[in-house]
Amino acid sequence: MAMKLALFVSLMVAALAIPISGAQRMGYLIEIHGTVYCPGNSNTNASGTNNVVFAIAEIHVVCDGKAIDYAYTNKDGGFLFAVDNQRYTIPEILKTCKLVVISALTACPKPSPSAGHLESNLKYIGDTTVGGNLKISNIVPVGFHVVP
């Protein structure tokens, strides 16, 4: 009987711990999202005035010179990062982080620079509430530009 009681208590503790820890993480999220466009033959077209998307491009979130996360754009040039809100605050992200596209610019149609990469600083555009209990803070690129 003692063995059954110990097993029951262990299962109950485990069952209760999962929703509690999930609720702590799921009450507030920071998302960095947007679309990467191929640059033209100058820096001014890299922020989206060009309508050719940079599909399947590797993109990194770089904070204080260190890559903290990476992803690939989808076929429409879109990307999404969920940032650890326990480790980074919105002001810290805006001050110390940027997006860096690692993929070669030669993957874009001509005329694109043959050397360099794309970078963008970040800006906060507001919060979205989902389901009444999940707040998502939205951060987007200011505008990608070519860095030689």
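The values are calculated or read from the model by the stated rules, or taken from the named source; none is laboratory data. Since this is a predicted model, take the numbers as computed values, not measurements. Reconstructed Cβ throughout: ideal geometry from the backbone, glycine too, with neighbour counts over all protein chains shown. Ligands, DNA and RNA are excluded from the accessible area calculation, which covers all protein heavy atoms including side chains. Shrake-Rupley method; radii C 1.70, N 1.55, O 1.52, S 1.80 Å.
Things worth noting here:
- Within segment 70-98, the set of residues being open to solvent by less than 60 Å² (accessible area, probe 1.4 Å) and assigned to a strand (DSSP E or B) comprises Ala71, Gly78, Phe79, Phe81, Val83, Cys97.
Matching residues to (1) within 16 Å of the chain's Cα centre (by Cα); (2) modelled with pLDDT of 90 or more; (3) not aliphatic (A, V, I, L, M):
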{"site": "Tyr70", "(1), (2), (3)": "yes, yes, yes"}
{"site": "Val101", "(1), (2), (3)": "yes, yes, no"}
{"site": "Ala104", "(1), (2), (3)": "no, yes, no"}
{"site": "Cys108", "(1), (2), (3)": "no, no, yes"}
{"site": "Asn121", "(1), (2), (3)": "yes, yes, yes"}
{"site": "Asp127", "(1), (2), (3)": "yes, yes, yes"}
{"site": "Ile139", "(1), (2), (3)": "yes, yes, no"}
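- Among the numbered conditions (1) in contact with a helix residue (DSSP H, G or I) (Cβ under 8 Å, 6 or more places away or on another chain); (2) closer than 16 Å to Phe79 by Cα; (3) open to solvent by less than 20 Å² (accessible area, probe 1.4 Å), the only one that Ser112 does not meet is (2).
- Residue ID - farthest from Gly77 (Cα to Cα), chosen from residues in segment 115-132 that are part of a loop (DSSP other than H, G, I, E, B) and open to solvent by less than 80 Å² (accessible area, probe 1.4 Å): Gly132
- Residue pairs whose Cβ atoms lie under 8 Å apart, sitting 6 or more positions apart in sequence or on different chains, and linking a residue in segment 101-122 that is farther than 21 Å from Val83 by Cα and free of Cβ contacts under 8 Å to residues at least 24 places away in the same chain to a partner that is assigned to a loop (DSSP other than H, G, I, E, B) and hydroxyl-bearing (Ser, Thr, Tyr), are Thr106/Ser112; Thr106/Ser114.
- Remark: Lys135 falls outside the filter, which requires a residue to be at negative phi and not in a strand (DSSP E or B).
- Lone unmet requirement of (1) within 18 Å of Phe144 (Cβ to Cβ); (2) over 10 Å from the mean Cα position of the chain (by Cα) for Lys66: (1)
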